[in-house]
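One structure is given below, encoded as structure tokens.
Read-outs: derived from the displayed coordinates by stated rules, not from any lab. Quick caveat: nothing in here was measured; it's all calculated off a predicted structure. We place every Cβ from the backbone using ideal geometry, glycine too, and count neighbours over all the protein chains shown.
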Amino acid sequence: MKELPVEGTAKQVADQSLLCSLAARWYAFRTRRRVPEPVRLSWAVEDLYARVATEPDGEFHFHRGAEYAAKHLGYDASELASLPASSTRSFAGVGNPHIIESLREGEVVLDVGSGAGTDLLIAARRIGPGGRAVGVDMTAEMVERCGTSIAESGLENVEVRRGTAQALPLEDASVDVVISNGVLNLVQDKERAVGEIARVLRPGGRLMLADVVLTKTFWKKVVRSADLWASCVGGALTEAKLLELVTSGGLSQARVTHRFDCVTGTKKEFLARIVGVRGVNLYAVKP
């Protein structure tokens, strides 16, 4: 895969992006202008996952860490224990894309919303030194933490880039597999995000996605609550709608392969039960 030019280190890029974001928020506050809804929702998500990156042991409405991943999502405990703690402590997935289908040696894998790097590093190990694993995340603090995890892992076939699911910083048809875990529900323009996944996948490439789905739906006004959106509820789709989204975005053979209870014992379990929140694994192929 042809490498894209990167200006400065991942930390420098993340720091610059964070300063720009803070400056925009201060301007909105000083001028007392109404912040557009898409921006407000985006800020809520960034703020939340910035805290997950910097305070992984803090109070959140969802589970985190290696013990949760092994107990609730079927990750291999010994494999998680071999990863840097800087990565696994901030893990906040809702499913397990690695059990959908085995990765193959030498493949190029993209992790959309790579967070602190748990799924990314697992992929990098499984594809071997002849492969390449690329993580993309929108949150500056997560990019920095993932960079630290990569350095601590000693792996040389992996990198992380700052970017969004709606504008992936990779070339067309450059990836064999796209993985993602608990991210698509947080994306506002989901059609564009799926289109981007289809764009970067090579023909025959696979999508192995884990995400939150609902069995019920909200009124639109309630759905647009920043709190509900950041809580992985406001932006979640039903299982049928998620399959329809992936299929209409240019992928085929879409199917749900696993379902998970990712809300037991969380602070918002009561709300989650009302709307039927659960995690799912989804598989699809680019024709």
Between ASP76 and LYS267, take the C-beta separation as r, use R0 = 30 Å, and let me know the FRET efficiency to the nearest 0.05. 0.65
Can you spot the aspartates and glutamates whose alpha carbon is less than 19 Å from LYS71's alpha carbon? Ignore those fewer than 8 places along the same chain. ASP57, GLU79, ASP119, ASP211, ASP261, GLU269
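According to the Kirkwood expression over distinct Cα-Cα pairs, how big is the hydrodynamic radius of the range 58-108, in Å?
12.0 Å
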Unsatisfied cross-links (Cα-Cα over 24 Å) in the set LYS216/LYS268; LYS216/LYS286; LYS190/LYS216; LYS216/LYS267; LYS241/LYS286: LYS216/LYS286
So if each residue of separation counts as 0.36 nm, and I subtract the Cα-Cα distance between ARG202 and ASP189, what length gain in nm does that give? 2.4 nm
In nm, the gap between the two label points placed 7 Å beyond Cα toward Cβ at THR238 and ARG259 is 1.4 nm
Defining a contact as two alpha carbons under 8 Å apart and six or more residues distant in sequence, what relative contact order in percent does the range 69-156 show? 30 percent
Mean projected area (nm²) from the convex hull of Cα positions in the range 110-178 is 4.1 nm²
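Identify the trypsin sites (Lys or Arg not before Pro) of the range 82-167 meeting these criteria: DSSP loop state and at most 14 other C-beta atoms within 10 Å of the C-beta.
On the way: sites: ARG89, ARG104, ARG125, ARG126, ARG132, ARG145, ARG161, ARG162; in loops: ARG89, ARG104.
Answer in residue order: ARG104.
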